[in-house]
1. Within segment 26-39, count every residue that is closer than 20 Å to Ile104 by Cα and crowded, with 22+ Cβ neighbours inside 10 Å.
2. Go through (1) surrounded by fewer than 23 Cβ atoms within 10 Å (Cβ to Cβ); (2) touching a Leu at 6+ places or on another chain (Cβ under 9 Å) for Gly352 and report which single condition fails.
3. Scan Leu123, Leu117, Leu200, Leu179 and give me the residue that is more than 27 Å from Val7 (Cα to Cα), assigned by TED's automatic domain parsing to the domain that holds Ile28 and surrounded by fewer than 18 Cβ atoms within 10 Å (Cβ to Cβ).
4. Only residues that are modelled with pLDDT of 85 or more and hydroxyl-bearing (Ser, Thr, Tyr): list them for segment 53-84, please.
5. Would you point out the residue of segment 290-306, among those that are part of a helix (DSSP H, G or I) and over 18 Å from the mean Cα position of the chain (by Cα), that is nearest to Glu444 (Cα to Cα)?
6. Enumerate the pairs (first residue in segment 1-25 and assigned by TED's automatic domain parsing to the domain that holds Thr80; second residue anywhere and among the aromatic types (Phe, Trp, Tyr) and at pLDDT 75 or above) with beta-carbon separation below 6 Å, excluding pairs fewer than 6 apart on the same chain, so at least 6 apart or on different chains.
7. From the list Val102, Val162, exactly one residue is surrounded by fewer than 23 Cβ atoms within 10 Å (Cβ to Cβ), in the same structural domain as Ser30 (by TED's automatic domain parsing) and in contact with a Phe, Trp or Tyr (Cβ under 6 Å, 6 or more places away or on another chain). Which is it?
Amino acid sequence: MHLKFEVYEQLPQSVLERGLGAVVRDGITSQIKMTLTESIFLIAFAVALGASNSVVGLLAAIPPLAQFLQIPSILLVERTRIRRRVCAVASVLSRSSIVLMVLIPVLSPGVSGLLLLVIGVTLHAVFNAASAAAWNSWMKDLIPEEILGRFFSKRLAVQALVGILFTLGAGFFIDWWLLLEPGTVLPYSIVFLVGMIAGLIGVYFIYTIPEPQMTLDTPADGFSGRLRRPFKEENFGRLMLFSASWSFAVTLVGPFFTVYLLQVIGYPIYVVTALSVLTQITSMLFYQWWGRLSDRFSNKAVLRVTTPVYVVGIVLWIFATAPEPHILTLPLLAVIHVMLGLSAAAVNLAHGNLALKLAPKGDSTSYLASWSISNSIAAILAPLAGGIIADFLSGSSLSFRLTWQGLGYNLDLGLIDIRGLEFVFVISFFVGIYSIHRLALVKEQGEAEERAVIDAMVAQAGRGLRTLSTVDGLRHSVVTPLSQALRTRRARGPREGMASQEDFSSD
């Protein structure tokens, strides 16, 4: 059967609407694939096979390392001018490679299965990266800029709901199987198989998305010059520096959340998945809200409000087991996961939209590829460094204590005990602080001040409370302190657009 990959010079509105629906449907199937074959279940599978922290870091570093294949992918995209074909073929190869992970319990269980797992993850990442350059440029031309925030917030919200359902289902399925047959890795294989099938179904939806005619500038400095140009363009270079530092902060610690819950605290897989679901539920509830705010104000303003929440959420992990797991460990972890879900919803949405917005239309493929590569460099180094640091400091500890001796009393309170993986959390916190500083230097057309976003959040909270209660005193008891607290923080914090050496947003 010969497949046609039509390109539209002028995209009719009806075709565009059908295409946007296909983008959402591809997002659903892709989310099923990602939920079941990446993140929690991939790390848990590796741990079950006997992976060390360094191996976990390697598995997390492979996908960003593969993003360097976007460089030759740019040439392929620009030579064929049919991004849909490149994306569809690469997606078939990427999602089919998951079969190697599916077959591990049959072909090579145990420690030797880790090698096959690494090979499967590598092939999946390599072909997935080959499709990324085509996909980013394609979406840049397909989706109208004025609805960018609302559209992707809707898509991400739907994906979050799907991720919640499949995370819960897979988590309970694996635990049920392990109760019947402890020590087996076969349920992970079955979960990966379902994810692979869903991913292959998604390729059909990719094929049904229409493609506008590709616009391409032909600069005199050639292909290598086009790759260097985003780094020379001052504002986009600032974005890439923020993105790289943020990527380093997040991926330094992200792969080890699951390891920490499973090995340090000793939770079963259903508790780990339940906490992950809490994060996804929070993200789902806030995606469309952040989408409206980013369209109304700016992507940068939303990021300025929410990135600090994520960074604080990271450092709070060290208090979950201070000095040992305690009665408040699980409630504190629940609060942390809510904070991460709230902020991740905004960061995932506004960060990508900001890159799409700042990339010039005629040269978006190379700009977005360079942006992805800069993120990838950081995301390669961070988990590798995190794994090495965690293994190297596994027997080390740093304690901060409050002691009192006198008047017949001996008091010794352990305030903070930092051990093993917790050193990685602290380092990630400080890198995140630096990343927030770099964000302040990025300029976005039509950007609003952080103050405007905070005021909108306070107003929205007030409207929400009015719908929940008719008691006016309840609303004022919550909204007024919240408003004052946010305004106090705002008065002490940086002002948008300032660039002096003394200000937090200075260079």
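1. Number satisfying all stated conditions: 4.
2. Every condition holds for Gly352 apart from (2).
3. So the residue among Leu123, Leu117, Leu200, Leu179 that is more than 27 Å from Val7 (Cα to Cα), assigned by TED's automatic domain parsing to the domain that holds Ile28 and surrounded by fewer than 18 Cβ atoms within 10 Å (Cβ to Cβ) is Leu179.
4. Ser54
5. So, considering only residues that are part of a helix (DSSP H, G or I) and over 18 Å from the mean Cα position of the chain (by Cα), the one nearest to Glu444 (Cα to Cα) is Ala301.
6. Matching pairs, first to second residue: Ala22/Phe205; Arg25/Phe205.
7. Val102
Matching residues to (1) in contact with a Ser or Thr (Cβ under 7 Å, 6 or more places away or on another chain); (2) modelled with pLDDT of 85 or more; (3) closer than 28 Å to Ile380 by Cβ:
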site: Lys232; (1), (2), (3): no, no, yes
site: Leu252; (1), (2), (3): yes, yes, yes
site: Pro255; (1), (2), (3): no, no, yes
site: Val277; (1), (2), (3): yes, yes, no
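The values are calculated or read from the model by the stated rules, or taken from the named source; none is laboratory data. What you see is a predicted model; the values in this text were computed from it and never measured. Neighbour counts run over all protein chains shown; Cβ positions are idealised from the backbone, glycine included.
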